[in-house]
Amino acid sequence: MDLNVFGSSNFKTAALEQRDELTLLRINNTHADALIALQGAQLLEFTQKNKRPLIWLSEQAEFKRGQSVRGGIPVCWPWFGDIQRNPDAVKNMTAGKNLPAHGVVRNQTWILESIAEYSDSTEVTLSYATVASAQPEWPHDATLKLTIGIGKTLRLQLSTVNNSRAAISFTQALHTYFAISDIHAIEINGFDNTRYIDTLDDWREHAQQGAIQFSGETDRVYLDVPPQLELSDRGWQRRIALRTRNATSAIVWNPWIDKAQRLSQFADEAWQRMVCIETANALTDNVTLAPGAEHTLEVEITE
Ligand code: TA6
């Protein structure tokens, strides 16, 4: 496929390239550079001009069909995490056993719908349609669209339209891997006085007091999350702001030493240079859409 399918091959800021088995869309504009895999509509890189990368991509990333690339912003949909740990309404939408973690779309090739070039950004929209008869594990008709804005900020809008004749319930997450100087030099603010489910403490509920700091494996689903969060990095002297819409849950994850050694596409010591803050509709923050209804999950990331 080449970009003249849009009737114009002379995009100034966008170009397709192949890396191993995957087709990637490279964006270079006056504000930032980015890389998006058509598989999973997965943003892999985002770096603003004259700044450090905002998004972490594994040095051991593999670009193979049918497997998510480690890093960037994988799209988790129509369930987040382990389906067995999801609400019944979400579980009841599925069929079969041994369902994959994080849903069914991050390993699928999405359609590149449009590229729009503006003075302050490049906007890329990709879509994926589920057809009940084509995927027995989640037999419902829906259309997903992800619009990625590449400019002075990084903006993602993930919309779901229910094309079925019955309501659908789902959980989802934009599984954002942030690049950091060192896990010991960061803290995350905005979660003070929120509740979280600690997946490493048998999914018990806890209360967050003050900033999130890291001293071990961390894998928490936060609830009642406000729309503004901040990742501050003393090592690189930077603050990253997250502004969300239509999400009141978020997952905070760092694998630390032992889990890092069990992860695919992940160097043993890479846990020190990344942290995930995942804008989500997870657990009790799941979404139910009537036939024909639409929901949009949004995050805007600014340094
Ligand atoms: O979002 C945190 C998490 O659910 C962790 O438990 C870990 O499994 C991570 O996602 C990565 O999952 P993946 O399937 O991409 O290796």
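The values are calculated or read from the model by the stated rules, or taken from the named source; none is laboratory data. As the structure is a prediction and not an experimental result, all values here were calculated from the model. In this analysis, Cβ positions are derived from the backbone assuming ideal geometry, glycine residues included, and neighbour counts consider all displayed protein chains. All accessible areas refer to the heavy atoms of the entire protein, side chains included, with ligands and DNA or RNA removed. Shrake-Rupley method; radii C 1.70, N 1.55, O 1.52, S 1.80 Å.
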**Item:** Net charge, Ser114 excluded, C-beta distance under 12 Å - Lys, Arg +1, Asp, Glu -1
**Value:** -2
**Request:** Compare the peptides 161-169, 176-184 by average per-residue count of other Cβ atoms within 10 angstrom and give them in order, highest first.
**Result:** 176-184, 161-169
**Request:** Quote the FRET efficiency, to the nearest 0.05, computed for Ser264 versus Gln84 with a Förster distance R0 of 25 Å and r equal to the Cβ-Cβ distance.
**Result:** 0.75
**Message:** If packing is taken as the average count of other Cβ atoms within 10 Å, what order do 92-99, 21-28 fall into, highest mean first?
**Reply:** 21-28, 92-99
**Complete:** Of His102, His175, His206, the most mobile residue in a GNM of the chain (C-alpha springs, cutoff 10 Å) is His206
**Under 23 Å from the Cα of Lys97 - lysines, other chains or at least 8 residues apart** = none
**Item:** Computed [θ] at 222 nm, helices only, for the chain once each DSSP H run of length n ≥ 4 contributes -39500 (n - 2.57)
**Value:** -1000 deg cm²/dmol
**Request:** Could you calculate the FRET efficiency of Thr30 with Glu230 from 1/(1 + (r/R0)^6), where r is the beta carbon distance between them and R0 is 25 Å, rounded to 0.05?
**Result:** 0.45
**Item:** Length-normalised contact order for segment 176-303 - Cα pairs under 8 Å, 6+ apart - percent
**Value:** 28
**Request:** Among Leu44, Leu99, Leu200, pick out the residue whose Cα is farthest towards the positive end of the charge dipole of the chain, where Lys and Arg carry +1 and Asp and Glu carry -1 on C-beta, about the Cα centre.
**Result:** Leu44
**Message:** How high is the relative contact order of the chain? Use alpha-carbon pairs under 8 Å, at least six apart in sequence, and give a whole percent.
**Reply:** 17
**Complete:** The correct ranking of Glu17, Glu62 by accessible area at 1.4 Å, largest first, is Glu62, Glu17
**Asked** How about Lys12: which aspartates and glutamates have a C-alpha closer than 18 Å to its C-alpha, ignoring those fewer than 8 places off in the same chain?
**Response** Asp2, Asp33, Glu113, Glu117, Asp120, Glu123
**Fill in**
In vacuo Debye sum over C-alpha of segment 154-211, base-10 log of normalised intensity I(q)/I(0) at q = 0.18 Å⁻¹, listed in q order, is -1.01
**Prompt:** Using a Gaussian network model of the chain with C-alpha springs under 10 Å, which one of Leu146, Leu154, Leu200 is most mobile by mean-square fluctuation?
**Reply:** Leu200
**Prompt:** So between His184 and Glu113, what do we pick up on full extension, going 0.36 nm a residue minus the alpha carbon distance?
**Reply:** 21.5 nm
**Prompt:** Which value, to two decimals, describes the C-alpha radius of gyration of the chain once divided by 2.2 N^0.38 Å?
**Reply:** 0.96
